[in-house]
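I have placed the structure first, in the form of structure tokens, so that the comments after it can refer back to it.
The values are calculated or read from the model by the stated rules, or taken from the named source; none is laboratory data. What you are looking at is a predicted structure, and each value in this text was computed from that prediction instead of being measured. So basically every Cβ, Gly included, is an ideal-geometry build from the backbone, and we count neighbours across all protein chains shown. Remember, those area values only see protein heavy atoms, side chains included, never the ligands or the DNA or RNA. Shrake-Rupley method; radii C 1.70, N 1.55, O 1.52, S 1.80 Å.
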Amino acid sequence: MIARVRAGEPEAYADLVRAHTGIALRAARALGAGADAEDVVQQAFFKAYCSLGRFRDGESFRPWLLSIVANETRNTVRAAGRRLTLAGREAAMAGAEPLIPESVDPAFAAVAGERRLALLSALERLSEEHRLVVTYRYLLEMDEPETAQALGWPRGTVKSRLNRALRKLGRLLPEDGVRGGGDEDG
């Protein structure tokens, strides 16, 4: 498809945009773009189009695009001089993809919501590189090679940073069963 885009087929680029808009929006929201996510994604697609000459044939487009989305998100957040609060990020991510079906038991939904808030709070306290590797690998569901490509890191770096990030995340999460442990009563 990239070859068709490079050849100037407008419909090919439209297909590429349609195929990757959802994941690009999720990435922008997860990385802190909040209400600016659509603008970030639009700018990222524009930059990707202008940079297609630097895209290496044979590589996956999705990680390459998501690295552009991450850079645009970072630039947008810095330019605005603000950081989204945990509540703002939670609202943005909830709007991206509902994680708790409305039909579930309210008690389960409450516990799941608490777990999600605890996880997001812990993610906020990680360094940027640890937050990025966890976000790409688990929130955006990218495999290890895609994560390495998107972040521009060797696979070994992804593995080691992910390992350290997950250990730190485990220490940051509350001990009261939020990690998915069993019932503490008894």
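Per-structure values
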quantity: Asn163 being modelled with pLDDT of 90 or more, open to solvent by 50 Å² or more (accessible area, probe 1.4 Å) and in a helix (DSSP H, G or I); calculated: yes
quantity: Residue match in the range 128-145 (condition: assigned to a helix (DSSP H, G or I), free of Cβ contacts under 8 Å to residues at least 12 places away in the same chain and among the β-branched types (Val, Ile, Thr)); calculated: no
quantity: Matching residues, the range 142-158, being buried (at least 16 other Cβ atoms within 10 Å of the Cβ), of a type outside the set (S, T, N, Q) and touching an Asp or Glu at 6+ places or on another chain (Cβ under 9 Å); calculated: Leu151, Trp153, Val158
quantity: Residue that is at pLDDT below 75 and among the aromatic types (Phe, Trp, Tyr), where the choices are Phe55, Phe108; calculated: Phe108
quantity: Matching option when the condition is at pLDDT 90 or above and either closer than 18 Å to Met142 by Cα or assigned to a loop (DSSP other than H, G, I, E, B) (or both), among Leu25, Leu99; calculated: Leu25
quantity: Among residues of the range 12-50, those that are of a type in the set (Gly, Ala, Ser) and without any contact (Cβ under 8 Å) to a residue 24 or more places away in the chain, counted; calculated: 5
quantity: Of the criteria (1) surrounded by fewer than 16 Cβ atoms within 10 Å (Cβ to Cβ); (2) modelled with pLDDT of 90 or more; (3) within 14 Å of Leu31 (Cβ to Cβ), which one Glu124 fails; calculated: (2)
quantity: Total residues in the range 36-55, condition over 15 Å from the mean Cα position of the chain (by Cα) and either in a helix (DSSP H, G or I) or within 19 Å of Tyr136 (Cβ to Cβ) (or both); calculated: 13
